[in-house]
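Undergrad: I'd like to ask some things about the structure below.
The values are calculated or read from the model by the stated rules, or taken from the named source; none is laboratory data. None of the values given here were measured: they were computed from a predicted structure. Here Cβ is always computed from backbone atoms with ideal geometry, including for glycine, and neighbour counts include all displayed protein chains. Heads up: the accessible areas ignore ligands, DNA and RNA and are worked out on the full protein's heavy atoms, side chains in. Shrake-Rupley method; radii C 1.70, N 1.55, O 1.52, S 1.80 Å.
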Amino acid sequence: MTRSDIAASPLTDRLPAVLGDRLITAAHEEFAPLAATTFTGDDRTPEVIARPRNAAETAEVVRLAAEGAIPFAVRGGGHAYHRRSSVAGGLVLDTRLLDGIDLDPDARIGRAGGGVLAGAYTTAAGAFGLATGFGDTGSVGVAGLTLGGGIGHLSRRDGLAIDNLLAAELVLADGRVVRASADEHDDLFWALRGGGGNFGVVTALEFRLHPTATIVGGFLAFESSPDVLAALVRAGQEAPDTLSVMVNAMLAPPAPFLPVEVHGRPIVAALVCFSGAPEDADAVLAPLRAAGTPIADLVRPQAYPELFAGPPAPSGLRASIRTGFRDELDPAWAAAALDAIGTAATPGAIVNVRVMGGAIGRVDADATAFAHRDRGLMVTVVGSQPDPNGADGREWVDATAGRLGVATGGSYVNFIGDDDPDGAAAAYPEATLQRLAEVKRRYDPENLFRSNHNIAPQG
Ligand SMILES: Cc1cc2nc3c(=O)[nH]c(=O)nc-3n(C[C@H](O)[C@H](O)[C@H](O)COP(=O)(O)OP(=O)(O)OC[C@H]3O[C@@H](n4cnc5c(N)ncnc54)[C@H](O)[C@@H]3O)c2cc1C
């Protein structure tokens with residue numbers, strides 16, 4: 001497929017009639033910022049970006065994409081490590097104008113358009129002292145994150161994002177607009193909860209909201225120490241479900257709140273969120289603070305949305321990633337992680353350990369397409385750097401993942417890169433993958449939605 005094929009396709013004359021000035025090409029000033037994604041690599045610049053405002057327009061774009069048989073991708077926040085939310089010379093359906101947020105605080109239900117970002121929803125819900133748990137970054141798309149599972153600060157208390165999803169409206173490959181929930185298209189609803197963007201364009205999502213006003217949370221850092229890393233993770237696993245702990249072995253950024261002597265050197269840094277009764281916070285957080293002598297302690301009472309208030313993730317990063325699960329770790333494993341960080345090939349090198357358990361594990365493994373319910377920890381090795389032409393740290397990431405036993409026994413679809421040898425096959429147990437492939441055949445037999453971690457239609 002070449003650019004002239006696109007010019008000859010029905011897109012060029014029929015899409016403007018649907019979208020008007022919301023069909024963006026390189027001739028438009030806003031093309032470059034709209035085409036930008038968090039991660040870069042080989043050129044994936046699209047030919048056109050379609051920006052529908054509602055489900056009916058989305059359906060028209062999907063129909064034309066199917067008819068034109070052109071390279072086609074769906075994007076929201078643009079944070080995918082696989083980078084398949086853009087497609088070289090093709091059509092990108094940009095969901096970001098599907099940006100409505102409608103909250104019913106009495107019923108504790110939040111509705112988000114398919115292009116809403118996690119920070120916007122969290123801020124809006126926070127005004128009512130309510131929250132739906134997404135991840136840890138405000139600029140990530142709610143739909144993209146949720147379709148893969150969605151693990152974040154409230155997951156041990158309230159479950160993954162998918163565990164709080166009540167319904168989704170989506171445009172199928174044939175242009176039909178359907179609602180999927182426990183009562184409508186329940187096979188599709190099962191697949192949407194973990195199966196990624198394989199089944200259609202999600203135009204709206206409906207979530208459960210939970211009372212979450214002031215939390216006690218923030219960043220807690222220590223000098224490099226395997227004992228401290230292991231103790232933080234253990235404390236997170238032994239804590240009540242109202243405590244969420246994510247621990248990083250990483251190179252210290254040149255941040256003003258970190259002593260200048262550690263800048264650029266390995267440190268242990270935890271991101272903490274206690275969402276229980278404020279009077280219990282000190283006692284619950286004490287084992288974390290006792291893990292060592294903190295070199296930075298920014299953990300403080302704050303409104304939950306403040307955790308999402310940072311700047312958006314920059315675009316054009318070079319990165320590589322491997323992820324997997326384990327149940328526990330010991331100081332020897334932590335020592336290997338910190339040692340690896342000391343040899344990192346990119347400045348943004350991280351070994352990230354997320355404590356799972358709690359409400360995540362109280363959902364049956366086959367209730368949704370995210371099956372790794374019984375695992376204690378999610379471990380992710382990332383190499384990244386801001387220079388778009390720099391090295392992506394692939395060799396270091398692979399070697400570190402191998403050394404730490406990451407990516408053996410399942411992985412998380414939202415943390416799989418574009419060069420992962422196994423892709424979707426690594427993310428799902430065999431039975432889950434089979435069931436996903438059957439749902440895919442029912443709803444997208446021609447595999448229109450394939451620019452993702454693709455599940456081929458089967459069965
Ligand atoms: C800085 C950063 C922090 C992160 N933190 C977390 C975290 O804490 N927890 C976590 O679970 N994940 C996290 N992630 C991973 C994140 O959930 C995935 O990268 C997710 O796919 C991003 O969604 P997006 O809309 O931003 O990305 P995009 O690149 O726009 O979309 C990714 C894919 O999602 C699908 N998609 C997006 N929107 C739609 C839609 N409306 N309808 C159908 N398909 C759609 C498409 O297949 C697309 O290819 C993080 C990623 C980054 C870069």
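Undergrad: At 222 nm, what helix-only mean residue ellipticity would the chain give, in deg cm²/dmol to the nearest 500, using -39500 (n - 2.57) for each DSSP H run of four or more?
TA: Calculated from helices alone, the mean residue ellipticity at 222 nm is -7500 deg cm²/dmol.
Undergrad: Something else about it: Per residue, what accessible area does the chain have, given a 1.4 Å probe and all protein chains present, in Å²? Display every interim value, and only then the final one.
TA: On the way: 17470 Å² over 459 residues.
Using a 1.4 Å probe on heavy atoms only, each residue of the chain averages 38 Å².
Undergrad: Using alpha-carbon pairs under 8 Å, 6+ residues apart, how would you state the relative contact order of the chain in percent?
TA: Taking the mean separation of contacting Cα pairs over the length of the chain, I get 16 percent.
Undergrad: Tell me the net charge near Cys273. Cut-off is 11 Å between Cβ atoms, Cys273 excluded, with +1 for each Lys or Arg and -1 for each Asp or Glu. Before the final figure, lay out the partial values.
TA: Values: positive: Arg156, Arg157; negative: Asp136, Glu306.
Neighbourhood net charge equals 0.
Undergrad: While we're looking at this one, here's another question. How many percent of the accessible area of the chain is carbon or sulfur, using a 1.4 Å probe?
TA: Values: 9080 of 17470 Å².
Carbon-and-sulfur percentage of accessible area, whole number: 52.
Undergrad: I've got another one for you. Looking only at Cα atoms, what is the convex hull volume of segment 360-459 per residue, in Å³?
TA: On the way: hull volume 12.3 nm³, N = 100.
So the per-residue hull volume is 123 Å³.
Undergrad: On to the next question. Around Phe415, what is the net charge, scoring Lys/Arg as +1 and Asp/Glu as -1 over all other residues with Cβ under 11 Å from its Cβ?
TA: Working: positive: Arg322, Arg354; negative: Asp420.
Charge balance in the 11 Å sphere: +1.
Undergrad: On C-alpha positions alone, give me the angle between the axis of helix 394-404 and the longest principal axis of the chain, in degrees, nearest 10.
TA: That helix lies at roughly 50 degrees to the long axis.
Undergrad: Here's something else I'd like to know. Go through Arg435, Arg375 and list them by solvent-accessible area, largest first, probe radius 1.4 Å. Intermediate values should be presented prior to the final figure.
TA: Details: Arg435 100, Arg375 55 Å².
Of Arg435, Arg375, the descending order of accessible area is Arg435, Arg375.
Undergrad: Still on this model: Arrange the residues Thr45, Thr346 by how much accessible surface each exposes, largest first, with a 1.4 angstrom probe.
TA: Numbers: Thr45 50, Thr346 5 Å².
The residues order as Thr45, Thr346, largest area first.
Undergrad: If you don't mind, another one. What net charge is computed for the residues neighbouring Pro386, neighbours being all others with C-beta under 13 Å from the C-beta of Pro386, Lys and Arg scored +1, Asp and Glu -1? Don't skip to the end; give the middle numbers.
TA: Details: positive: Arg318; negative: Asp387, Asp392.
Net local charge, Pro386 excluded: -1.
Undergrad: Here's a follow-up. Taking 0.36 nm per residue of separation and subtracting the Cα-Cα distance, what length does fully extending Asp106 through Ala456 add?
TA: Details: separation 350, 0.36 × 350 = 126.00 nm, distance 4.15 nm.
Full extension of this stretch gives 121.8 nm more.
Undergrad: Largest first and in whole Å, give the semi-axes of segment 3-96's equivalent ellipsoid, each being the square root of 5 times a Cα gyration tensor eigenvalue. It would help to have the intermediate numbers written out before the result.
TA: Details: eigenvalues 75, 41, 32 Å².
One finds semi-axes of 19, 14, 13 Å for segment 3-96.
Undergrad: Can you give the angle from 0 to 90° between the axis of helix 430-443 and the longest principal axis of the chain, with both taken from C-alpha atoms, to the nearest 10?
TA: Approximately 30 degrees, to the nearest 10.
Undergrad: Which order do you get for His28, His372 if you rank them by accessible area with a 1.4 Å probe, largest at the top?
TA: Largest to smallest exposure gives the sequence His28, His372.
Undergrad: Quick one: angle between helix 226-238 and the longest Cα principal axis of the chain, in degrees between 0 and 90, rounded to 10, please.
TA: Orientation of helix 226-238: about 70 degrees from the principal axis.
Undergrad: Here's a follow-up. Quick one: Cα convex hull volume of segment 241-291, Å³ per residue?
TA: Spread over its residues, the Cα hull of segment 241-291 gives 94 Å³ apiece.
Undergrad: How big, on average over all directions, is the shadow cast by the Cα convex hull of the chain, in nm²? Mind showing how you got there, number by number?
TA: Working: hull surface 81.6 nm².
Answer in nm², one decimal: 20.4.
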